[in-house]
Amino acid sequence: SSQCFITIKSICIVLLLSITCGAVSANSNYGEALTKSLLYFEAQRSGKLPLDQRVIWRGDSALRDGSDAHVDLTGGYYDAGDNMKFGFPLAFTTTMLAWSSVEMESQLKAHQEHGNTLAALRWATDYLIKAHPEPNVLYGQVGDANLDHACWMRPEDMTTPRPSYRIDPQHPGADLAGETAAAMAAASLAFAPSDSAYAKTLISHAKELFEFAKDYPGVYHNSIPNAGGFYPSSGYEDELLWAAAWLHRATGDQTYLDHLTQASNSGGARSVFAWDDKFLGAQVLVAKLVFEGKVKNEGKMIEYKSMAEQFICNCAQKGFNNVKKTPGGLLWFLPWDNLQYTATASFALATYAKYLEAAQTSIQCPNGDVLQASDLLNLARAQVRQAFVFFPFKLNYVLRILKT
């Protein structure tokens, strides 16, 4: 599934933190892991491939996507093991990729991967721009998921139907529109230093999509039932908060801060951070505002921050509802593809550590223990080591990068 995007990217950004902080041994090829994670994005490209494509065994594919709706929907990424383009998880992957680029720009440049990161990001956002041809229209899927999964073939050779599915005022999907708004807003921050015109285009789309999501509530899989068996949504409140947080960070507009302040549900203490649950991401972004003194540490704002820190304390085994761990120490959230949740949690830990360090503060956990930025980073690094060398069996979750 496209959850692989999230898993691999989150792991490798935490790996990059480990490299830059000098916490790993010289023979740990974490830099190579980062490079190959970005190559993975290139291997998943759909559409007309560019001349600088590095994964040369991939060819052009799905060049008529969107033709049934008279819209150009070529490009974007396939859903890993199949030839589907699912907009909901793809948009979350895009947001996470943009977030990593924003937070770790200097480290990515130091490892000569910043350009490749922006290229991977732009391949996604170019597609999302095409998928949003009108203010209140967003194409959320290309391909019939059931027929696609019944036929195993290379995308260059596929013969399965490629229907286009969309949301609009009569067929709403606030979760899909909200997540795509978050992706566009986050990506605008990543591109702003090098391509301000493109960043402004992304912000324009993000603003329209946020209004679309607010005006027409509902979960997208009711409008695109074909996606329901693969990526059903549990609700849309988290996507609206997530989008508002990113739009506020990108624009500074009080409107989006008001949405966060006036929301009836801040998410509470979450058990996962994933493609269908973005509450923690919004909580972390609001906590950053508190640390920077941009909002008062009171009311709804302190609620977001407190909920983020409850999740962190639970990961660190110092909370009221601690996350389970394997015998080797891997955080264990859910049975299905657990590593994606471990990876996104590790990313949140590493990012929060950065915010704590900048504010020269710490976290007070419910049991009275105090967590410093270094504690969060050490926990994130421990999860990365688990992903690459699964203790106690010395087997790699991530294959063909490190020797065992």
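Some observations on this one:
- No other residue among L339, L331 is among the hydrophobic types (A, V, I, L, M, F, W, C) and open to solvent by less than 10 Å² (accessible area, probe 1.4 Å) apart from L331.
- Pick from the stretch 229-269, criterion part of a loop (DSSP other than H, G, I, E, B), modelled with pLDDT of 95 or more and among the hydrophobic types (A, V, I, L, M, F, W, C), ranking: surrounded by the fewest Cβ atoms within 10 Å (Cβ to Cβ): A263
- Residue ID - surrounded by the most Cβ atoms within 10 Å (Cβ to Cβ), chosen from residues in the stretch 290-310 that are farther than 14 Å from T361 by Cα and of a type in the set (A, V, I, L, M, F, W, C): A308
- Looking across the stretch 301-324, the residues that are without any contact (Cβ under 8 Å) to a residue 24 or more places away in the chain and outside any loop (DSSP other than H, G, I, E, B) come down to I302, K305, S306, K324.
- When V272, V286 are checked against the criterion of being within 30 Å of D337 (Cβ to Cβ), crowded, with 21+ Cβ neighbours inside 10 Å and among the β-branched types (V, I, T), V286 stands alone in meeting it.
- Some residue of the stretch 115-123 being assigned to a loop (DSSP other than H, G, I, E, B) and either closer than 15 Å to M184 by Cα or not aliphatic (A, V, I, L, M) (or both): no
- Out of L49, L63, sole residue that is assigned to a loop (DSSP other than H, G, I, E, B), over 16 Å from T160 (Cα atoms) and either among the aliphatic types (A, V, I, L, M) or in contact with a Leu (Cβ under 6 Å, 6 or more places away or on another chain) (or both): L49
- Those residues of the stretch 342-375 which are more than 20 Å from the chain's Cα centre (by Cα) and open to solvent by less than 30 Å² (accessible area, probe 1.4 Å), in sequence order: L356, I363, C365, L371, A373
- Scanning the stretch 66-88 for residues that are open to solvent by 40 Å² or more (accessible area, probe 1.4 Å), part of a loop (DSSP other than H, G, I, E, B) and modelled with pLDDT of 95 or more returns H70, D72.
- Test: residue in the stretch 89-107 that is open to solvent by 10 Å² or more (accessible area, probe 1.4 Å) and over 17 Å from the mean Cα position of the chain (by Cα): yes
- Any hit, the stretch 336-356, residues being closer than 15 Å to F273 by Cα and in a loop (DSSP other than H, G, I, E, B): yes
- Subset of the stretch 67-99 that is in contact with a Leu (Cβ under 8 Å, 6 or more places away or on another chain) and of a type in the set (S, T, N, Q) - its residue that is farthest from L285 (Cα to Cα): T74
The values are calculated or read from the model by the stated rules, or taken from the named source; none is laboratory data. Not measured: the values here are computed from a predicted model. Positions of Cβ are backbone-derived with ideal geometry, glycine not excepted, and every protein chain shown enters the neighbour counts. Surface accessibility is based on the protein's heavy atoms, side chains included, excluding ligands, DNA and RNA. Shrake-Rupley method; radii C 1.70, N 1.55, O 1.52, S 1.80 Å.
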